[in-house]
Amino acid sequence: MIVYEATQQQFLYDTDNDDIEDVILARYSAKTGKTVGPSELASWKGSLGYMAKALRAPGIPANSGVAIELHLPQSSKRIDFTLTGHGPAGEKNVVLVELKQWSSSKQSHKDAIVVTALGKGMNETVHPSYQAWSYASLLEGFNEAVYAQGITLRPCAYLHNYARDGVIDSSHYQPYIDKAPLFLKGKDELVKLRSFIQQYIHSGDDKAVLYELANGRIRPSKALADALSGLLKGNPEFVLIDDQKEVYEAALAAIQGASADQPRVLIIEGGPGTGKTVLALNLLVKLTAKGLVGKYVSKNAAPRRVYETKLIGTLTRTKFSHMFTGSGSFIDVEPNLFDALVVDEAHRLNEKSGLYGNLGENQIKELIGSSKCTVFFIDEAQRVTLADIGSKAKIRQYAQAKGAVIEEYSLASQFRCSGSDGYLAWLDNALQIRQTANDHLNPESYEFQIFDDPQALHDAIKARNSANKARVVAGYCWPWLSKKDAYADDIVIGDYRRQWNLSQDGSLWIVAPQSVEQVGCIHTCQGLEVDYIGVIIGPDLIVRNGRVVTDPGQRDRFDKSIKGYKKLSKMNPELAQRETEAIIKNTYRTLMTRGMKGCYLYCTDPETAAYFQQAIGTSEPVQGSSSVM
């Protein structure tokens, strides 16, 4: 869909003779039945006036095509400004312009991320050059007119209010500026933008190229499919084993058999380490190879960023990034737009979306509505915040409302925790999540050590980190002071002083080379794994007289996982106690099952440490730790 389309001549006429923002709004409302807020109207008014200045130049053909708010496939995103025409040899060219009204920003250490004034304050967002380039990459990978009919895309970004300052145009962002040139405030910059346009638009197309682009069939290109398939081949981390393969084939058959008239919903249940994410990624790659349109979806950013990185093989953002998306991206997506959505960590889905939790109706409903086949991977025992509403019952409810065929499968084979179902059963029993027969840990099943000093635990984890696969994590019982003060210590226990997961690593903390020095939280490790995990149990979980007791008041006050529990306590104290107890226990269960080969434990409360020590069948500490190996 294109909100506004015209020739260059018509666009300049509309700009000169009307309030261009009102023209755009009228067309937007006519096509969507919706309106936009004052900020977007102001953006149209300010930025489109500058684009009109850029197009008022000799050599830019009057009959070149102009599109404003060109809709991107598979998303609710729109390209701000598009110009189409022919190059010097008659080739089909499209110039994509990402427009921003920014006037300042701060550099982030994260790849392609800047900090600028957005919404109610300073927030992180992608660099405009990255944004323009990623939009072009999406079209190159999924718009058949682009990859089959020889259309070449030329992305750029224009920040007409932003004076060059060495921040937005710093060398940190140069790889993306090289892909999508950045034009800033000033006459010289305007001349450069005109020159960029004139380089590719030598003659007009009377909107012909624009129509080809807008009406191109949406399906993945063979080049994209081959590239993704090649990334899996020979990578043992993505090989499917036993019931993973069985469920994969069943899911693939369901996806291929689904349609708008006969939608399908799959629920695939599996505990920690049963291969849910590996299966999900294999499905994404295979459906792309078959020419189907789909995405990998997770509420938590860490799994999608880490597995995207593992799949692609680099820590920087890639042209495949748009295939990995958050669960709040489907509010305004048209029904059955996707052939399949592969939803990992479905237990983490929220009801509402958006930065302030005020958008949409229900993420489960929106995901099912957006796809012919929606595949949910779920483990209800890993619900770790009060906002998590993902459940098999809710998925069935919305699937039935759509009239979808529901298929349910289970992954039983355990590949984490040394393949030990016994460890998981012992842990559930020890945390008093459910009673099992495993009241003592089998010393041959899994390496488990209890430390009486947090520094000793951390040193042991560092000693296990030769392959960058050992990390220390903790319950969120300490304030994140280092987020604002880079030199502040966060987790302070006697002489032990460490910082929370580094903010510059973001969702990639668990694979960042230096992150073994920090302490991670549930949000940077859930859905992921290492060889050895060190877990610090804080005062939110203690043991008294053999009973596991939870105390949400011991969580840091900025911990959003139990946000709203005080209000709930006033309304329904029993429910609040039951819900927060489940959240805290599930959090530690999740933290203590991140290790493939071993888990090292430190408890801030001595009685709690003694309880776990007794539960592993030994009461004799060995050089500051007690162990089962």
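Values quoted throughout were computed directly from the atomic coordinates according to the rules given, and no laboratory measurement underlies them. Because the structure is predicted, anything quoted here is derived from the model rather than measured. Reconstructed Cβ throughout: ideal geometry from the backbone, glycine too, with neighbour counts over all protein chains shown.
With n ≥ 4 as the cut-off for DSSP H runs, can you work out [θ] at 222 nm for the chain, using -39500 (n - 2.57) per run divided by the number of residues, rounded to the nearest 500?
Working: 20 runs with 219 residues, N = 629.
Result for the chain: -10500 deg cm²/dmol, rounded to the nearest 500.
Could you tally the net charge around LYS394, taking each other residue with its Cβ under 10 Å from the Cβ of LYS394, Lys/Arg +1 and Asp/Glu -1? Mind dumping the intermediate values first?
Details: positive: LYS365, LYS392, ARG396; negative: GLU351.
Summing Lys/Arg as +1 and Asp/Glu as -1 gives +2.
Let me test this: with uniform point scatterers at the alpha carbons of the stretch 329-420, what is the Debye-based log₁₀ I(q)/I(0) at q = 0.10, 0.11, 0.16, 0.24 1/Å?
Log10 of I(q)/I(0), two decimals: -0.28, -0.34, -0.68, -1.31.
Test of understanding: ordering VAL239, VAL535, VAL333 by Cβ neighbours within 10 Å, fewest first, what list do you get? Numbers along the way, then the final one.
Details: VAL239 13, VAL535 24, VAL333 18.
So the residues, fewest neighbours to most, are VAL239, VAL333, VAL535.
Would you mind ranking VAL115, VAL3 by Cβ crowding within 10 Å, fewest neighbours first? If you can, show how the numbers build up before the last one.
Working: VAL115 17, VAL3 20.
In increasing order of surrounding Cβ atoms, one gets VAL115, VAL3.
Treating the Cα atoms of the stretch 477-530 as identical point scatterers in vacuum, please give the log10 of the normalised Debye intensity I(q)/I(0) at q = 0.12 Å⁻¹, two decimals.
Treating every Cα as an identical point scatterer, log10 I(q)/I(0) equals -0.25.
Filter the chain for me: DSSP H helices, axial length by Cα at least 24 angstrom, mean Kyte-Doolittle hydropathy not below 0.0. List them by residue number. All intermediate terms of the calculation are to be shown ahead of the outcome.
Values: long enough: 38-55 (26 Å, 0.02); 573-591 (27 Å, -0.80).
Qualifying helices, which must be both long enough and hydrophobic enough, are 38-55.
For the residue pair GLU246 and ALA289, what label-to-label distance in nm results when each label sits 7 Å from Cα along the Cα-to-beta-carbon direction?
Distance between label points: 2.2 nm.
With a sphere of radius 14 Å drawn around the Cβ of GLU98, what net charge do the other residues whose Cβ falls strictly inside it have (Lys, Arg +1; Asp, Glu -1)? The partial results should precede the final answer.
Details: positive: LYS77, ARG78, LYS100, ARG154, LYS179; negative: GLU69, ASP80.
That works out to +3.
Hey, can you grab everything whose amide H is under 5 Å from the amide H of VAL472? Only 5+ residues off in sequence or another chain; H modelled, so Pro and N-termini drop out.
Under 5 Å from the amide H of VAL472 lie the amide H atoms of GLY520, GLY534, each far enough along the sequence or on another chain.
Taking K and R as +1 and D and E as -1, what net charge do the other residues with C-beta under 15 Å from the C-beta of GLU607 add up to? Intermediate results must be reported in sequence, preceding the final value.
Numbers: positive: ARG544, ARG547; negative: ASP452, ASP540, ASP551, ASP605.
Net charge in that neighbourhood comes out at -2.
Given the peptides 285-296, 351-362, 100-111, arrange them by the average over their residues of other C-beta atoms within 10 Å, most packed first. Could the numbers behind the result be given before it?
Values: 285-296: 21.2, 351-362: 14.1, 100-111: 16.2.
With the highest mean Cβ count within 10 Å placed first, the list reads 285-296, 100-111, 351-362.
Any idea what diffusion coefficient the stretch 346-491 gets from Stokes-Einstein, in µm²/s, Kirkwood Rh on alpha carbon pairs, 20 °C, 1.002 mPa s?
Values: Rh = 19.4 Å.
Result for D is 110 µm²/s.
Taking 2.2 N^0.38 Å as the expected size of a compact globular protein, what ratio does the Cα radius of gyration of the stretch 2-214 give against it, to two decimals? Mind dumping the intermediate values first?
On the way: Rg = 16.4 Å, N = 213, 2.2 N^0.38 = 16.9 Å.
For the stretch 2-214, the normalised Cα radius of gyration is 0.97.
Could you tell me the largest-minus-smallest coordinate of the C-alpha atoms of the stretch 432-628 on each of the three principal axes, in descending order and whole angstroms?
Each principal axis gives a Cα extent; for the stretch 432-628 these are 50, 44, 31 Å.
Based on alpha-carbon positions alone, could you give the equivalent ellipsoid semi-axes of the stretch 222-411 from the gyration tensor, as √(5λ), descending, whole Å? Present the calculation step by step, with values, prior to reporting the outcome.
Details: eigenvalues 107, 69, 59 Å².
The answer is 23, 19, 17 Å, longest axis first.
Pairs LYS484/LYS585; LYS245/LYS563; LYS34/LYS563; LYS179/LYS286: which exceed 31 Å Cα-Cα?
Working: LYS484/LYS585 29 Å; LYS245/LYS563 39 Å; LYS34/LYS563 33 Å; LYS179/LYS286 29 Å.
Flagged as over cut-off: LYS245/LYS563; LYS34/LYS563.
For MET1 and LYS106, FRET efficiency with R0 = 35 Å and r from the beta-carbon atoms, rounded to 0.05? Working shown, then result.
Working: r = 35 Å, r/R0 = 1.00.
The pair LYS106/MET1 has a calculated efficiency of 0.50.
Calculate the translational D of the chain in whole µm² s⁻¹ from Stokes-Einstein, where the hydrodynamic radius comes from the Kirkwood formula applied to all Cα pairs, the temperature is 4 °C and the viscosity 1.567 mPa s. Don't jump to the answer; show the numbers that get you there.
Details: Rh = 26.5 Å.
It diffuses with D of about 49 µm²/s by this estimate.
Binning at 10 Å from 0, report for the stretch 238-320 what percent of all alpha-carbon pair distances ends up in each bin.
Per 10 Å bin, starting at 0, the Cα pair percentages come out as 14, 49, 32, 5, 0.
Pop a pseudo-label 7 angstrom from the Cα along the beta-carbon direction at both VAL239 and SER259 and give the gap in nm to one decimal.
With each label point 7 Å from Cα toward Cβ, the separation is 3.9 nm.
Assuming 0.36 nm per residue, please report the length gained on full extension of the stretch LYS402 to GLN174 beyond their Cα-Cα distance.
Values: separation 228, 0.36 × 228 = 82.08 nm, distance 4.66 nm.
So the chain would gain 77.4 nm between LYS402 and GLN174.
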